[in-house]
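What follows is one structure encoded as structure tokens, with my remarks underneath.
Bear in mind that the values in this text are calculations on the coordinates, not laboratory data. As the structure is a prediction and not an experimental result, all values here were calculated from the model. Ideal geometry is used to build each Cβ from the backbone, glycine not excepted, and the neighbour counts take in all protein chains shown.
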């Protein structure tokens, strides 16, 4: 014991890292394939829900009932969404605007058969609303004026709202998403042992009010994905705590537009919605809540075995425990808002992807693929992206992913 104390005093950095590892291991729940799977209903030929196509024609406003999102005519809406990122990164605008006009990209998304788009944004867009350089919106200089020669500055919120207008004009629903911080801040935080970026709940809600205010009258703005991959200290947060905050934010936004839907992600990086069973998000206006999960090959947070190496039975059992039960027991809609895989997959990628596609077909959940983009903010190739550097039809990566997404309900031949 004396030797351990002496080592700890002389190796403070190493001891802090060791402490973090111990806390993570204490939080982890090793996979129990036997006991866990005994409680999971098998999805058989009689229980599989036939996969329904994504709706491209719908009548707003929308509400929820049981496992479904319904439009104003009572017709179920299955979201087949595409994530288009960039406004949460260092340039503060959705990617590709230096290559193609926003209307062209919106038409491309619609033509591929997606009926909705998730647009992440950074808090700095609201707090700083930075001036945007012409180089990052070179194909959208009409944002300055029709001739593209005006010297008046264009700011991040101007670009963001213009993109929303283009998407909804093309007939796509838009869902706004707020990551915890910009990609730049994420990189800075990863270099530290503890998160140094904080935000009060009131500031978080006020930022949402600022972003959503200009969109109150747009019927194709579906609502708000309140917080991306909720985490607390050591990457954890108790569900009850997050549900309380989600309710307070939702009530404020619904006071602006009672027709919006509030999307509430699970804890543990959006993996875990098991807490909804005993503590659902309850709002003063019924039929407003959609739950959201993220599923990647490295997911299974809190487990010692990632999805890339699971059997289908183990994978399906975790999906049921984390969020599948909400659909199969007709509790609430679930939108798998993020999942994706590379254009050149490894064996682990293929294992995860095959299991996820099989499960999503079985439960017929709404979903959102990550992502559209050709490149990351750093300029690195986005292997998960569906377009190339041209951001046009010629650059679409027509590989196994689009084929599999079509089987989930993605509509082809819209172009």
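Structure notes:
- Shape call, segment 32-407: gyration tensor on alpha carbons, a/c limit 1.5: rounded
- Take each peptide in 287-293, 117-123, count the other Cβ atoms within 10 Å of every residue, and average; sorted highest first, the result is 117-123, 287-293.
- FRET E, pair residue 285, residue 217, Förster distance 22 Å, beta-carbon r, rounded to 0.05: 0.75
- Förster radius 56 Å - calculated FRET efficiency between residue 407 and residue 145 (Cβ-Cβ, nearest 0.05): 0.80
- Highest to lowest packing among 204-212, 394-402, scored as the average C-beta count within 10 Å: 204-212, 394-402
- As a proxy for reagent exposure, 165, 251, 330 were ordered by neighbouring Cβ count within 10 angstrom, fewest first; the result is 330, 251, 165.
- Gained length - residue 128 relative to residue 350, 0.36 nm times residue gap less alpha-carbon distance: 75.8 nm
- In nm, spacing of pseudo-spin labels at residue 380 and residue 138 (7 Å Cα→C-beta vector): 2.3
- Extension gain, residue 210 to residue 56, is 52.5 nm, computed as 0.36 nm per intervening residue step minus the present C-alpha separation.
- Fraction of antiparallel bridges per DSSP, segment 32-407 only, in percent to nearest 5: 20
- Between residue 328 and residue 313, the distance separating the two model label sites (each 7 Å from Cα on the Cα→Cβ line) works out to 1.4 nm.
- Calculated FRET efficiency, residue 305 to residue 240, Cβ-Cβ distance, R0 = 30 Å: about 0.65 to the nearest 0.05.
- Ascending count of other beta-carbon atoms within 10 Å, so fewest first, for 70, 304, 141, 79: 304, 141, 70, 79
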